1. Could you pull out the residue among L218, L233, L238, L243 that is part of a loop (DSSP other than H, G, I, E, B) and of a type in the set (A, V, I, L, M)?
2. Quick test for you: out of R436, R422, R456, pick the one residue that is in contact with a Leu (Cβ under 9 Å, 6 or more places away or on another chain) and not aromatic (F, W, Y).
3. So which strands (runs of 3 or more DSSP E) stay within region 99-144 end to end and still have 2 or more residues that are closer than 15 Å to G157 by Cα and within 16 Å of the ligand (Cβ to nearest atom)?
4. Check off (1) crowded, with 20+ Cβ neighbours inside 10 Å; (2) more than 14 Å from the ligand (Cβ to nearest atom); (3) free of Cβ contacts under 8 Å to residues at least 40 places away in the same chain for T343 and give me the number that stays unchecked.
5. Tell me, please, whether a residue that is within 16 Å of the ligand (Cβ to nearest atom), more than 26 Å from Q325 (Cα to Cα), in contact with a Ser or Thr (Cβ under 6 Å, 6 or more places away or on another chain) and of a type outside the set (V, I, T) can be found in region 411-433.
6. Could you say which residue among K78, K21, K56, K31 is touching a Phe, Trp or Tyr at 6+ places or on another chain (Cβ under 6 Å) and surrounded by fewer than 23 Cβ atoms within 10 Å (Cβ to Cβ)?
7. Any idea which residue in region 231-246 is nearest to the chain's Cα centre (by Cα), counting only those that are open to solvent by less than 10 Å² (accessible area, probe 1.4 Å) and within 7 Å of the ligand (Cβ to nearest atom)?
Amino acid sequence: MLMRIGGNDVEGVDARWIDVKNPATGELIDKVPAGSDEDVSRAVEAADAAFDRWAKMPMRDRGMILCQAARIVRERHKDLARVLTLEQGKPLRESVDEVRGYANILEFYAGISARQQGETIRLAHQGDCIVVHQPVGVCGAIIPWNMPVIIMGWKIGPALLAGNTMVLKPASTTPLTDLRLAHILEEAGLPAGVLNLVTGRGEAAGEAIVNRPAIRKLSFTGDCTTGNRIRELAGMHLKDLTLELGGSDPMIVMPDAALDKAVEGALRGRFYNAGQTCTAVKRLYLHEKIAAGFIQKLKERVDSLSVGNGLGSRIDMGPLNSAGQREKISRLVDEIREKDQGTILSGGCALKGTAYEQGFFYRPTLVSNVVPGARMVTDEIFGPVLPIMTVPDLSTAIREANTTRFGLGASVWTKDLATTKRVFDEVKAGIIWVNRHLTVPPEVPFGGLHASGIGRENGQHALDSYTQTKTLFLGW
Ligand code: NAD
């Protein structure tokens, strides 16, 4: 497929290409241009040219276009989900969830388009002020491969509704569904140049987006190391920045929790999307009173998961997205073995057999008694591996939960209000779930503390973040 710039399908100026492969089979699905600095310049020019007209369109009309795009996406959700599974690897059922989730996001923003926010300030002796929100201009977005559809929605929904135009770079392994979604937006009435997709690699097309002074705001989702580099580069241009980075979410289970529900919560929280979700359960803290029974039930459920090509029927977990991702996961598990830092209860290796040879499969893995300080609990594990720690009380669970540099999400499983309040007050995270994990609906502001990022996506907060205020001061 070609890049989408200014309403046209275009090749890259350099005429270089990136292969897009199916992570379940290693087969070539398609190729996309390896976008360069010059391609980003073309996209920024197109976005700049489209800005005035788009920004002047009533917000309600912009919302109607998003709504119409959501309708087309719902109609074609099966085809879109199939492409997503082919390039990303997740089971078809999860791809359908993600495509529908994208439609939900566009509909949410369409729904709030009728209530533009602003404020008036009455000053006792100097006059009155009217504060309005205006679009920022051309915005940039750089997104990862784990949830390429939802994360595209998180960025374009608020940015376009607010009246901005955008240059977006999908991840190099998952550009195909995003390109189709860009076409659908134009089919729904989005003027040419409002949304431009430049395909390519991070160090070329990605950095070119970060370095363009004409891009006034940048929203990035990805790894912490990349986020830090982007922060340095963007700082030189005084770019407004949203950074949605990694996480190492703790899940704390107390003795009064509904245990069967909590077992299912841990299973889904960790192994959905083969564990490649920013807010996945990445550390499980079990109260010692329920730990043994909980681990037994969880192990039974984990061992019964069916792993395979996401297009197959009754598949619970697909492959990892790339060989590199699988290698990172393997290394963390091997380190546990070599340093004797925990007990591997399930999995702990790649899936073997001819059906899996060309894909990047890894068995769902449980590791118990992981020692404090093991890399598996201090780093982010972006794959199907769950470290389990047993704790004597809530205070220890909270202290351990706060030991990483991250602060994205956390959950506590309990029926007790006082426990809930303590976890809410004391665990460092942008979102605390009670008796659930992973859910991030478009209405709810979402983002992390500390190394997990800067700023919030979703809800009114995200819409505001794609605007700048301007004040009219009326001196009477
Ligand atoms: P990544 O940082 O390697 O890549 C993300 C995007 O950045 C890709 O499009 C990539 O091409 C681009 N990129 C890479 N280097 C770049 C550079 N120097 N300049 C500009 N762009 C560059 O991350 P990933 O491995 O694709 O994603 C996984 C990470 O994303 C995990 O840490 C995960 O937790 C995080 N994530 C966070 C959220 C959130 O909302 N907080 C959501 C999903 C994923």
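The values are calculated or read from the model by the stated rules, or taken from the named source; none is laboratory data. None of the values given here were measured: they were computed from a predicted structure. So basically every Cβ, Gly included, is an ideal-geometry build from the backbone, and we count neighbours across all protein chains shown. To get the accessible areas, we keep the full protein, side chains included, count just its heavy atoms, and leave off ligands, DNA and RNA. Shrake-Rupley method; radii C 1.70, N 1.55, O 1.52, S 1.80 Å.
1. L238
2. R422
3. 138-142
4. (1)
5. yes
6. None of the others qualify; the one that does is K31.
7. Step one: of region 231-246, the residues open to solvent by less than 10 Å² (accessible area, probe 1.4 Å) are 234, 242-244, 246.
When the remaining residues are screened for being within 7 Å of the ligand (Cβ to nearest atom), the result is 244, 246.
Values: E244: 8, G246: 9 Å.
Top of the filtered list is E244.
For (1) within 16 Å of the ligand (Cβ to nearest atom); (2) in contact (Cβ under 8 Å) with a residue 24 or more places away in the chain; (3) among the aliphatic types (A, V, I, L, M); (4) part of a helix (DSSP H, G or I), each residue gets a yes or a no:
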{"position": "Y285", "(1), (2), (3), (4)": "no, yes, no, no"}
{"position": "A292", "(1), (2), (3), (4)": "no, no, yes, yes"}
{"position": "K297", "(1), (2), (3), (4)": "no, yes, no, yes"}
{"position": "E300", "(1), (2), (3), (4)": "no, no, no, yes"}
{"position": "G310", "(1), (2), (3), (4)": "no, yes, no, no"}
{"position": "S313", "(1), (2), (3), (4)": "no, no, no, no"}
